[in-house]
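So the structure is just underneath, and the comments pick up after that.
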Amino acid sequence: MKSGNPLLLLIEDDPQFQMLLNTTLQSQGFYVLAVGTGQAGLIAVRNQQPSLLILDLGLPDMDGQEVISRLRKWSEIPIIVLSARDQETDITLALDHGADDYLTKPFSPAVLISRIKALLRRVAKLPGGALEVFQVGELKVELTRRRVFVSIKEISLTPIEFNLLSELVRHAGFVVTHRQLLEKVWGASHVEHSHYLRIYMAQLRHKLESDPARPRYLLTEAGVGYRLNEAEN
Ligand code: CA
């Protein structure tokens, strides 16, 4: 392996799963540091400064949620959460605590790898200034000029529709929770009003998707939030 390859920290207490992930990640050229407890993980983040954390939510010594909350007081390390319990509330809570993405076990190694790479790309891009133009398939969004195109046709959006879309663009490829969207677009006092989101997402899909019932761009993460596709499938 070349030096300079990213070091990934894996906090996972299941030895078999740990070994499997270790092998998968190393085969992609990542260095991997694997620990089995939240406490060891917190120490490793401080001492080894890994580029990214893959965190199992069910740990023997503390809840994964607590690991995230503690980390977010002093670290901006990108976090991908692994949840065996496909309970949407766990995932949503983890994302609201500051995790960046999630996967529900069992998942395909290829998906994990692509999520890791996307997250590392995004972090690398961050200091380089704000994103101006986002494009996927036929959809093009000009953030500062507040213009949206499908193919060459300019689409007229209401201010709220545009703000909602731009929030998804800023996290393109990543899930954004209902709460995060409501807070950003409507404000902190509206975080319970998820029906707003349903209405406005339906409008956006109607304007931007060729088949709103089977969206290519504005994807639903059931019970959790929405994800703007960053690459066409
Ligand atoms: Ca576990």
Report task. Compute the Kirkwood hydrodynamic radius of the range 129-228, taking the inverse of the mean of 1/r over all pairs of distinct Cα atoms, and give it in Å to one decimal. Result -> 13.6
Report task. Rank TRP186, PRO159, VAL148 by how far each Cα sits towards the positive end of the charge dipole of the range 129-228 (+1 on Lys, Arg Cβ; -1 on Asp, Glu Cβ) and give me just the farthest. Result -> VAL148
Requested in this report: Just check the range 7-125 against the gyration tensor rule for me: Cα atoms, a ≥ b ≥ c as the square roots of the eigenvalues, rounded for a/c under 1.5, and otherwise prolate or oblate depending on whether a/b exceeds b/c.
Outcome: rounded
Query raised in the report: Counting pairs of alpha carbon atoms under 8 Å apart in space and at least six apart in sequence, what relative contact order in percent does the chain give?
Result: 13
**Report entry** ASP13 versus SER114: modelled label distance in nm, points set 7 Å from Cα along the beta carbon direction
**Finding:** 3.2
Query raised in the report: Across the chain, where is the longest run that never hits trypsin sites (Lys or Arg not before Pro) in a DSSP loop with at most 14 other C-beta atoms within 10 Å?
Result: 147-233
Requested in this report: Determine the calculated [θ] at 222 nm for the chain from helices alone, applying -39500 (n - 2.57) to every DSSP H run no shorter than 4 residues and normalising by the residue count; nearest 500 deg cm²/dmol.
Outcome: -12500 deg cm²/dmol
Query raised in the report: So what are the three principal axis dimensions of the chain from its Cα atoms, in whole Å, longest to shortest?
Result: 51, 40, 31
Requested in this report: Report the FRET efficiency, 1/(1 + (r/R0)^6), for ALA213 and ASP63, where r is their Cβ-Cβ distance and R0 is 30 Å, rounded to 0.05.
Outcome: 0.20
Query raised in the report: How much FRET efficiency would the formula 1/(1 + (r/R0)^6) give for THR23 and THR104, where r is the Cβ-Cβ distance and R0 is 30 Å, rounded to 0.05?
Result: 0.90
**Report entry** Average Cα contact separation per residue, the range 7-125, under 8 Å, 6 or more apart, as relative contact order %
**Finding:** 23
Query raised in the report: Top mean-square fluctuation among VAL136, VAL111, VAL67, Gaussian network model of the chain, C-alpha springs under 10 Å?
Result: VAL111
Query raised in the report: Among all stretches of the chain without exposed chymotrypsin sites (Phe, Trp or Tyr not before Pro) (DSSP loop, at most 15 other Cβ atoms within 10 Å), which one is longest?
Result: 108-233
Query raised in the report: Nearest 20 debye, what's the magnitude of the dipole of the range 65-187 about its Cα centre given +1 on Lys and Arg Cβ and -1 on Asp and Glu Cβ?
Result: 360
Query raised in the report: Looking at THR177, THR23, LEU139, which one has the Cα that reaches farthest to the positive end of the dipole of the chain (charges on Cβ: Lys, Arg +1; Asp, Glu -1)?
Result: LEU139
**Report entry** Rg followed by Dmax, in Å, when the range 99-170 is reduced to its Cα trace
**Finding:** 15.1, 42
Report summary line: Correct response: the longest run of the chain lacking exposed GluC sites (Glu not before Pro), defined by DSSP loop and at most 14 other Cβ within 10 Å, is 1-75
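Any read-out appearing in this document is the output of simple, stated calculations on the displayed coordinates, not a laboratory observation. Not measured: the values here are computed from a predicted model. Using ideal geometry, Cβ is built from the backbone for each residue, glycine included, and neighbour counts are taken over all protein chains shown.
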